[in-house]
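Enquirer: I have a structure I would like to understand better, so I am pasting it below and will then ask my questions one at a time.
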Amino acid sequence: MTLNRDRHEKIKYRLRQRGLSLVQIARDLGISAGSVTAVSQGHRRSRRVEHALAEALETTPKELFPDRSIGRKKQ
């Protein structure tokens with residue numbers, strides 16, 4: 001997995017613009033904020049988290065995480 005701190009910072013910024021945070025996404029999913037951060041930074045993959053982040057940002061997981069879309073089923 002490749003770390004992508006720029007994307008992580010952009011995700012956090014865009015969430016803040018919408019009055020949201022990684023912590024709120026984590027609470028909604030019932031997981032730790034660290035788990036959401038790990039996905040956002042590229043340490044881990046989780047379709048569930050990627051989908052939740054993309055939905056909160058009104059985009060698709062494929063657009064938000066283009067490097068992770070290889071071998072995925074269409075959504």
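Just so you know, all these numbers are worked out from the coordinates, no wet-lab data involved. Note that the coordinates shown come from a computational prediction; the quantities given were computed from them, not determined experimentally.
Enquirer: Let me make sure I get this right: for region 5-64, a, b and c are the square roots of the gyration tensor eigenvalues over alpha carbons, sorted descending. Under 1.5 in a/c it's rounded, otherwise prolate if a/b > b/c, else oblate. Which is it?
Expert: rounded
Enquirer: When the helix-only estimate is applied to the chain (DSSP H runs of n ≥ 4, each -39,500 (n - 2.57), divided by the residue count), what is the mean residue ellipticity at 222 nm, nearest 500 deg cm²/dmol?
Expert: -16500 deg cm²/dmol
Enquirer: Let me ask you something else. Under the 0.36 nm per residue contour assumption, what length would be gained going from the current alpha-carbon distance of residue 28 and residue 67 to full extension?
Expert: Taking residue 28 through residue 67 to full extension adds about 11.5 nm, to one decimal.
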